[in-house]
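Q: Attaching a single structure in structure tokens format; questions to follow.
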Amino acid sequence: MESKEFYHHLPKVELHAHINGSISEETINKLLKRKGREEEISKVKFGKEQTEPLADSFKRLKLMQTLSDCAEDIYIITCDVIKEFAEDNVKYLELRSTPREITATGLSRDLYVEAVLRAIKDTAHLDIIVHFLLSIDRRLGVDVARTTMELAERYRDVSNGVVIGLDFSGDPKVGDARDYLPVFIEAHNRALKLSLHLAEVAAPEETKDILKELGPRIGRIGHGTCLQPECGGNQALVDLVLQHNIPLELCLTSNVKGQTVPNYDQHQFQFWYNRSHPCIIGTDDKGMFDTSLSEEYAIAARTFELDRESVWRLSLSSIDAIFADDDVKQMLRNKWHELKPSLNIT
Ligand SMILES: [Zn+2]
């Protein structure tokens, strides 16, 4: 089997996908048309051969934000993102997004969440299970965080568990994660799962306090770029993550293009993978960074010299870290085993 075909057919789990960063060029064009802004279509063709990747990425993200300002946009975007992940043979997907309020268009946080849930319901015929994490943006303060936590609890109860927990994200240089500790603890007490962007930039004191206070209540860590001593962290942070066995969501292209990691070779994947620590490959923002989960697996395999059996096992082991009950996990593991012969791994 050709390499590209193998990664495409490999059944996969995506646990780190921000809805608004995942919008494809096709969906951007669809939304521009819908909004009568066709003249901007030619301006969003960035392609793979970017000379200024970061500038292009942010240009695209900015545009994406202006294209998702009402409930119908959110619905269209979420439907397309789910379909694209399903086409990439992602069998289990956790989406995350910050419920936004936009007075001018009548968008409320409730309508935002409902639009996402409607999209998940209307794509239920696809061979993909989708759960949703509400994002707490660290730029917006603790009061909004508390509201988001309450929103997550309320919608978890009416969505039959599709809303499964909280994500903590936003500009890592703004605010202090420790201010949000009471919200995280309360969320955990209410049985909401937690995935926290942590140590995206070097912040050893903040990171240490969060890891110490929350321990295994942290369901997963997003990125964890600066945990190791050589990356601005220290051994105590590494030990805490290992001790509590907190899985890491690792997004290679996002980190390289976002310039928090100098190149693929130096990505923290190697460090954690060598220690047999749970590592889950993710895309972060597949639209913004022009990637797919298949491509991310291919890059990891190429960079860290993983054979196909190891790649398959890496994908299978990601199931352990999903925010779903044991029945779903077992069903997915069975599916992986059923599909394995068709991948011709030798
Ligand atoms: Zn992220």
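Q: Hey, got the dipole for the chain? About the Cα centre, +1 on K and R Cβ, -1 on D and E Cβ, debye to the nearest 20?
A: That gives the chain a dipole magnitude of about 200 debye.
Q: Could you order the peptides 107-118, 75-86, 173-184 from most to least packed, using the average number of other C-beta atoms within 10 Å per residue?
A: 75-86, 107-118, 173-184
Q: Here is a follow-up. Report the residue, chosen from K33, K91, K329, that carries the largest GNM mean-square fluctuation when the chain is represented by alpha-carbon nodes joined by springs under 10 Å.
A: K33
Q: State, as an integer percentage, the relative contact order of the chain based on alpha-carbon contacts under 8 Å between residues 6 or more apart.
A: 19
Q: Something else about it: Calculated from DSSP H runs of 4 or more alone, at -39500 (n - 2.57) each and per residue, what is the 222 nm mean residue ellipticity of the chain, nearest 500?
A: -14000 deg cm²/dmol
Q: Of I299, G21, H277, which is farthest on the positive side of the dipole of the chain, counting Cα position, with +1 on Lys and Arg Cβ, -1 on Asp and Glu Cβ, and the Cα centre as origin?
A: G21
Q: Which of the peptides 292-303, 8-19, 200-211, 256-267 is most tightly packed, and how do the rest follow, judged by the mean count of other Cβ atoms within 10 Å per residue?
A: Descending mean neighbour count gives 8-19, 292-303, 200-211, 256-267.
Q: Moving to a separate point now. Grab the beta carbon distance between R146 and V174, set R0 = 25 Å, and tell me the FRET efficiency rounded to 0.05.
A: The computed FRET efficiency comes out at 0.90.
Q: Can you work out the Karplus-derived ³J(HN,Hα) for every residue in region 135-145? Use 6.51 cos²θ - 1.76 cosθ + 1.60 with θ = phi - 60°, whole Hz, and x for glycine or proline.
A: 8, 9, 8, 5, 7, 9, x, 6, 5, 5, 4
Q: Can you tell me the relative contact order of region 217-346? Whole percent, Cα pairs under 8 Å, sequence separation 6 or more.
A: 20
Q: What distance in nm separates the two pseudo spin-label positions at S108 and I345, each 7 Å out from Cα along the beta-carbon direction?
A: 4.9
Where a number appears in this text, it was derived from the coordinates with a stated rule and is not lab data. Quick caveat: nothing in here was measured; it's all calculated off a predicted structure. Glycine gets a Cβ as well: all are built from the backbone with ideal geometry, and neighbour counts include every protein chain shown.
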